[in-house]
Amino acid sequence: MQTVLRNLQYAVRQLIKSPVFTLTAALTLALGIGANTAIFTVVYATLLAPMPYPEPDQLVMVWSKIQTYHNVIAAQDFVDWKKQSTVFQDLNAWSGGSFNLATKDQPEYLEGQQTTPGMYRMMGAPFRYGRDFLPEEGVAGREHVVILLNKLWKRLGSDPNIIGKQIKIDGTGYAVVGVLAPGQADRLDQWLIVPLVFKPEQLNHDFHWLLAMGRLKPGVTMKQAQANMETVTDNLAKAFPKSNKGWGVFVEPLHNDFLPKEEINMLWILLGAVGFILLIACVNVANLLIARGTTRQKELAVRSALGASRKTIFAQFLTENLLLAIIGGVAGIGMGWLALRGLQLIMPRGTLPSEADLTLNLPILAFTLAASTLSGLLFGCAPAYYATKVDPAEALKEGGRSGTGAGRQRLRRVLVVGEFALALALLTGAGLAIHSFWNLTNVDLGVNTTHVQTFFLPVPDSRPKDPALIISYFRQILTSIKSVPGVLDVTVHTGIPLRGAGFGMPFTIAGAPDIADPSQRPNAGFGMITPDYFNTYGIQITRGRAFTDQDTADTVKVAVVNEELVRKYFKDKDPLQQRINVEELIPGVTKLGPYQTWQIVGVYHNVRGGDFRDDYPEIHIPFWQIPWPNAAVGVRTASDPAAMMRSIAAAVHSVDPQIALAEPRTMDEIKSLNLASDRFIMSLFFCFAAVALLLAAVGIYGVMAFTVAQREHELGLRMALGASRNNVVNLVLKEALVLALLGLGIGLVGAYFVGRAMKSTLYGVGSLDFTAIAVVALVLLGASLLASWIPARRAAGVEPMRALRTE
């Protein structure tokens, strides 16, 4: 212990003695460790940390399964699952909802949840005030109670006596029975929770619209739960073959249920990317330590001459290097915290599950300590080893140069080659992300996004669902908005272009062999639109016609389909001669009616949705034939649509003063939001690549500057024998270029594997993108030559006589 303390004291004195070196090395390490700390915090919170609930291993998601796809469940399926399953302590369901909260000025739209009573009690969610719903509050007539999220409670004035008071939602008074504690729930998009009450018409096996979560009984394994639920669903399929044949069930742990596989892969790729940055930082610090070791050769020679063993010198140097790593780690925690705050500012909303708590906790700090220690060993062992190789007799000679060591020079060159190989792999990842993002921004979206405003009208569920009343209501809304100066076109529809048609529905082709198993029928996006839909969004009709105001409930049922549906199902047929069968959607009822036959009268150009990567089959029918109570509105304007929102809102409120305009966004904003995740990933890779490029340039600059200093005598001799200054510059640049090229050659292997790892997240880019690699290689070569230029000019400035006089 005494030896360790003595080594620590000496290490502290040595680091204080060289403040510039200590600061440079510590900051280089802090950069790498900080980036790793920030990204590991995201990975840990999202993929590794236990869920923030009591006994989280007992909580599971239960899905309906059709073929290999997870799906939401039907209300009657949920009721039957709860009755017949034997593996759950409790099983609850929930669905999203939209609500109009009464305020002083005008109604405010809020997203919320409808949950069966006991949902939050089952999860073990803490309450700030009040309680969860009681079983009797899930019965019709007693459901006008509400739980507020902490963020809504604060917006309403932070009243500690709010329990029992009423707030007006959708024109009806709701008694507040609970306020959730601050924390995880506040990261949800929702603001309030109301009881989920099943109406008689909702209790069917046909209409899938619910999510279900359960808590397993103690000792029940996931395998046992899956087997039990498969027995239940098999029994339901036998009892209700028309609706349940082909439908299965899937039970899985709650963790990361809503995070797509591609996003999980990307998190690991990002962690690997910052790992590369840390390796490059370690290489730089190792080079700095080797260079510094040459300046301490006389000190080491004296210590050896006085009896210090090689083991003692190795331990001393390793102690210094580990202490340096700890200093870098402490600074890295600060950098990691700043990086984490920056990530949270630029990260698109909804990127991570609400359970992901991005804070620097004990596991994160343990990771940082481990990364710091490992870094110290990585960059510290070689310099410590070379410190033991000093020959005291040679080092103490005046002008002795043997201490510079060919082995040290070779190691430094090898390290720079490795640095460039790592940098090429990381920059290739950035190049692929940038190329993919460029492709996505230039894809044919099928719509004209300029000067179009959209919003939803969340009509309260308590409103009448009579089709004639719905049609009359929306006709008044359209007429009122059309009267606003500057409005060119306006339409009502169930979905929004670039976000989907509204519903997903199975269909069959009239005249084709019947598909008895519902799970085997093809699916398509399905929505209702008014006649001006295509003009409003600038969508091209490529064959046939669009809808007119004459396409009403009293006329032949007609449909328009997109080119992708025609390509997949009517390749060698005239689509305008085809009819399709789709189960009837009944306005305001979560139940499918009998099959309706729709004559195809038009084909429209594909409109991208989701992340813009693929085309999906779509079917649209006239809103006036099958109206829907909750719809979106699109408005094309002559000028900036966002500036006209106040006038548009006034037009809507002149018809319905109790309705809120939900999620008002221009189509340009929707386009930008759809690209947000790819933009975020591209930005991260770009930042990491910039850091890697900077570190690689600094690394080769350090090696070349040190080489020039050590070769001053040789360069002076060359110039004395007639070499020009340009010859010397070229000599240094040539050496730097060789090192860079070797690194780039080795880095091609890493670039290939990076491309393969990222392939599932890219669009229009192969795993080996030669364009990206070529651009990245040129950037790295340019950086290496630029970084070597200053040492090369310094070498050319050597005075031959002064260099030779030192000998």
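The values are calculated or read from the model by the stated rules, or taken from the named source; none is laboratory data. Remember, predicted model here, so these are calculated numbers, not experimental data. Methodologically, a virtual Cβ is constructed for each residue, glycine included, from the backbone with ideal geometry; neighbour enumeration extends over all protein chains shown. Remember, those area values only see protein heavy atoms, side chains included, never the ligands or the DNA or RNA. Shrake-Rupley method; radii C 1.70, N 1.55, O 1.52, S 1.80 Å.
A few comments on the model shown:
- On the principal axes of its alpha-carbon atoms, the range 29-72 has extents of 50, 28, 11 Å, going from largest to smallest.
- Note that the range 44-103 shows a convex hull volume over its alpha carbon atoms of 198 Å³ per residue.
- Protection proxy ranking of 31-40, 17-26 - average other beta-carbon atoms within 10 Å, highest first: 31-40, 17-26
- Student exercise, the range 535-685 dipole from Lys, Arg, Asp, Glu Cβ charges, in Debye to nearest 20: 200 debye
- Dipole-positive endmost among 683, 605, 703 within the range 554-711 (Cβ charges, Cα centre): 703
- Fraction of the pair-distance distribution of the range 205-250 above 17 Å, Cα-Cα pairs, percent: 42 percent
- Taking amide H as placed 1.01 Å from N in the peptide plane, the amide H of residue 583 sits under 5 Å from that of 596, each at least 5 places away or on another chain.
- Extension reserve of the residue 763-residue 197 stretch, reckoned as 0.36 nm per residue once the Cα distance is removed: 199.4 nm
- Kirkwood hydrodynamic radius of the range 491-620, from inverse mean 1/r over distinct Cα pairs, in Å: 15.1 Å
- For the range 517-569, the C-alpha radius of gyration divided by 2.2 N^0.38 Å, with N the number of residues, is 1.34.
- Cα-centre dipole for the range 150-207 with unit charges at Cβ (Lys and Arg positive, Asp and Glu negative), debye to 20: 320 debye
- Helix 2-17 axis, angle to the chain major axis (alpha carbon atoms, nearest 10°): 90 degrees
- When only alpha carbons of the range 122-249 are considered, Rg and Dmax amount to 18.7, 54 Å.
- With 10 Å bins from 0: P(r) over the range 206-286, alpha-carbon pairs, percent: 13, 26, 24, 15, 11, 7, 3, 0
- For the cross-link pairs 482/557; 199/568; 557/591; 168/671, the ones whose C-alpha atoms lie over 32 Å apart are 199/568; 168/671.
- Note on the range 1-96: Rg/Rh from C-alpha atoms, Kirkwood Rh, equals 1.40.
- Check: the chain dipole with +1 on Lys, Arg Cβ and -1 on Asp, Glu Cβ, in debye: 3380 debye
- When only alpha carbons of the range 317-383 are considered, Rg and Dmax amount to 15.2, 48 Å.
- For the range 84-139, dividing the convex hull volume of the Cα atoms by the residue count gives 126 Å³ per residue.
- A simple packing score, the average count of other Cβ atoms within 10 Å per residue, orders the peptides 597-610, 434-447, 153-166 as 597-610, 434-447, 153-166, with the highest score first.
- For the peptides 776-783, 552-559, 325-332, the ranking by packing is 325-332, 776-783, 552-559, with the highest mean count of neighbouring Cβ atoms within 10 Å listed first.
- Accessible area (Å², per residue) of the chain, counting only protein heavy atoms and a probe of 1.4 Å: 44 Å²
- Rounded FRET efficiency, nearest 0.05, which uses the C-beta distance separating residue 730 from residue 444 and R0 of 56 Å: 0.65
- Of 619, 595, 566, farthest towards positive along the dipole that unit charges on Lys, Arg, Asp, Glu beta carbons give the range 513-634: 566
- Rounded to whole Hz, the Karplus (6.51, -1.76, 1.60) HN-Hα couplings of the range 567-577, x for glycine and proline: 4, 7, 10, 10, 4, 10, 10, 7, x, 6, 9
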